[in-house]
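The values are calculated or read from the model by the stated rules, or taken from the named source; none is laboratory data. Predicted model, so just to flag it, every value in this text is computed and none were measured. Cβ atoms come from the backbone with ideal geometry, glycine included; neighbour counts cover every protein chain shown. Keep in mind that these areas ignore ligands, DNA and RNA; they rest on the heavy atoms of the full protein, side chains included. Shrake-Rupley method; radii C 1.70, N 1.55, O 1.52, S 1.80 Å.
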Amino acid sequence: MKKILTTISTLALLSSLHANESNTKDYFISVGGGYSHLSISKDGATYTKDLNSNGYNGVISAGLNAFDSLAFALNYQRVQLNDIHLDNVYVEANYNIYNKSEFTPFVGIQAGYSTLTWDKSPIVTVVQKSVSSGSFLGGVNAGINYAINDSFSIFALYQLQVMNHKTDIRQSGISSTIDNSIGSNVNGGFKYSF
């Protein structure tokens, strides 16, 4: 919670430093989604079911266009696979590489927190219980934004996210580990600036 308050305070400070002569609108909200892939590596015992590493994600963002080439956002992302889901909350800083036309390529970095929750047990058991883990999330992204008009735009981007989710399983005296550490997302969406 302290990190989120620090992030909001930083965004407010940047907002007050924002140059008034900029042609960009100060704030934005966006919604997007797309394809997700999460690396799954297994150590130890044989599993009684296959784990699917492909799924989909949805993300909502609110942020600040600082100056002409920087944007900062607070994001919530839900990644859904067959057996697990991730809830990611992260801040993002994007740099517009070229913003002299309707097409604006950008690159960015991310930092935040990720929670992985098993919706179904990774092994077939009589008792089903919820298993979850939390981890720092770091990442990079690259994409392109297309301005429809002064307020509305569409975007496409690729995200590479690194986290450290491990699930330790002990069954009949045998130990094993499932590691979910790298996520990739290919997304599209809409952005409204005001």
In region 72-118, anything surrounded by 15 or more Cβ atoms within 10 Å (Cβ to Cβ), of a type in the set (Val, Ile, Thr) and within 27 Å of residue 149 (Cβ to Cβ) is listed as 104
Those residues of region 152-178 which are over 19 Å from residue 112 (Cα atoms), open to solvent by less than 30 Å² (accessible area, probe 1.4 Å) and modelled with pLDDT under 95 amount to 167, 169, 176, 178
Margin query: Based on this model, can you work out whether residue 121 counts as modelled with pLDDT under 90, touching a strand residue (DSSP E or B) at 6+ places or on another chain (Cβ under 9 Å) and assigned to a strand (DSSP E or B)?
Written below: no
Discussion item. Residues that are open to solvent by less than 40 Å² (accessible area, probe 1.4 Å), within 30 Å of residue 118 (Cβ to Cβ) and at pLDDT below 90: does region 14-32 have at least one?
Written reply: no
